[in-house]
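Right, one structure below, let's go through it.
The values are calculated or read from the model by the stated rules, or taken from the named source; none is laboratory data. Remember, predicted model here, so these are calculated numbers, not experimental data. No Cβ is skipped: glycine too gets one built from the backbone with ideal geometry, and neighbour counts run over all protein chains shown. Protein only, heavy atoms only, side chains kept; ligands, DNA and RNA dropped before computing areas. Shrake-Rupley method; radii C 1.70, N 1.55, O 1.52, S 1.80 Å.
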Amino acid sequence: MGLKEFEDFKRVGVDVSQPTLRYALEQGIVDQVCEDPREALAQADLVFLCMHPRGIQEFLSEHRDHFRPGSLVTDVCGVKGAIVDAARTLPSSVSFLGGHPMAGTEFSGIQHALPNMFQGAHYILTPDEVVRTTPEQHDAIIAYTSQMMHIIAVSVCDDPSLFAYQGFEGDSFRGCTRVAALDVSLWTELFSMNSPALLSAVDRLEENLHAYREALAS
């Protein structure tokens with residue numbers, strides 16, 4: 001949607017869902033749709049993979065020989081180590097650049113897409129050779145800045161008295177808990193595939209919370 005005003009290119013959408021393809025075409029989100037990824041990959045100069053982590057891994061394995069030689073492939077996945085490893089199966093004629101836009105809302109699905117979602121947002125890139133950050137460093141940092149925040153939000157909302165507090169919450173509560181309405185299957189994969197780094201982050205959080213509790217108790 002954000003690319004719509006650019007010229008001299010065509011946006012092709014690929015999805016397994018017919019309603020998604022129909023909506024994308026009717027709303028002008030893409031210029032063309034197709035169900036067969038091979039048709040799109042054969043003509044694409046730039047490919048964005050926007051699936052759950054394991055879906056991207058399987059897609060790269062299944063279609064490794066279908067990407068156009070000279071094309072650039074990237075992704076928007078919230079875990080990088082496993083994705084970059086999967087991309088190493090691509091032929092040398094295809095370039096892969098790991099990506100992770102630090103943007104989004106608590107809603108999923110094409111109906112909730114926004115053309116300005118990336119404006120003012122950080123966009124992390126993890127090249128596999130010359131690096132500013134490695135996939136491993138990325139996953140350790142994101143475990144702290146993103147995944148742990150989702151765990152905190154869900155943990156707060158797990159309070160059995162949550163709905164009894166309606167009308168007493170302010171911006172700080174809403175800001176803290178906004179991301180609790182997460183896509184369960186997606187975040188289950190993200191958490192489990194990055195569990196070593198996430199466990200370290202949660203361990204440090206538990207230590208800090210315990211220190212605050214002891215201070216309050218005394």
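Name the residue from Gly175, Ala215, Val156 whose Cα lies farthest towards the positive end of the charge dipole of segment 129-218, charges +1 on Cβ of Lys and Arg and -1 on Cβ of Asp and Glu. The listed residue farthest towards the positive side: Gly175.
Sites listed here are chymotrypsin sites (Phe, Trp or Tyr not before Pro) in segment 1-89 whose DSSP assignment is loop and whose Cβ has at most 14 other Cβ atoms within 10 Å: Phe6, Phe9. Extension gain for the segment Arg68 to Leu182, taken as residue separation times 0.36 nm less the Cα-Cα distance, is 37.6 nm to one decimal. Taking all C-alpha pairs of the chain, those more than 31 Å from each other amount to 30 percent. Multiplying the residue separation of Ala215 and Asp36 by 0.36 nm and subtracting their alpha-carbon distance yields 58.5 nm.
Accessible surface calculations at 1.4 Å, restricted to protein heavy atoms, place the chain at 63 Å² per residue. Considering only Ile110, Leu21, Thr74, and ranking their Cα positions along the charge dipole of segment 1-110 that arises from unit charges at the beta-carbon of Lys, Arg, Asp and Glu, the one farthest toward the positive end is Thr74.
Placing unit charges on the Cβ atoms only, positive for Lys and Arg and negative for Asp and Glu, gives the chain a dipole magnitude near 180 debye about its Cα centre. Annotation note: chymotrypsin sites (Phe, Trp or Tyr not before Pro) in segment 112-218 located in DSSP loop regions with a Cβ neighbour count of at most 13 within 10 Å are Phe168. Residues of segment 94-127 with the amide nitrogen closer than 18 Å to a label point 7 Å from the Cα of Gln27, along Cα-to-Cβ, please. Within reach of a label on Gln27: 103-119.
Note on Gln166 and Ser108: with the Förster distance fixed at 35 Å, the Cβ-Cβ geometry gives a FRET efficiency of about 0.90. Of all stretches in the chain that contain no trypsin sites (Lys or Arg not before Pro) in a DSSP loop with at most 10 other Cβ atoms within 10 Å, the longest one is 133-218.
Solvent-accessible area of the chain (1.4 angstrom probe, protein heavy atoms only): carbon and sulfur portion equals 55 percent. The share of alpha-carbon pairs in segment 77-119 lying farther apart than 14 Å comes to 61%.
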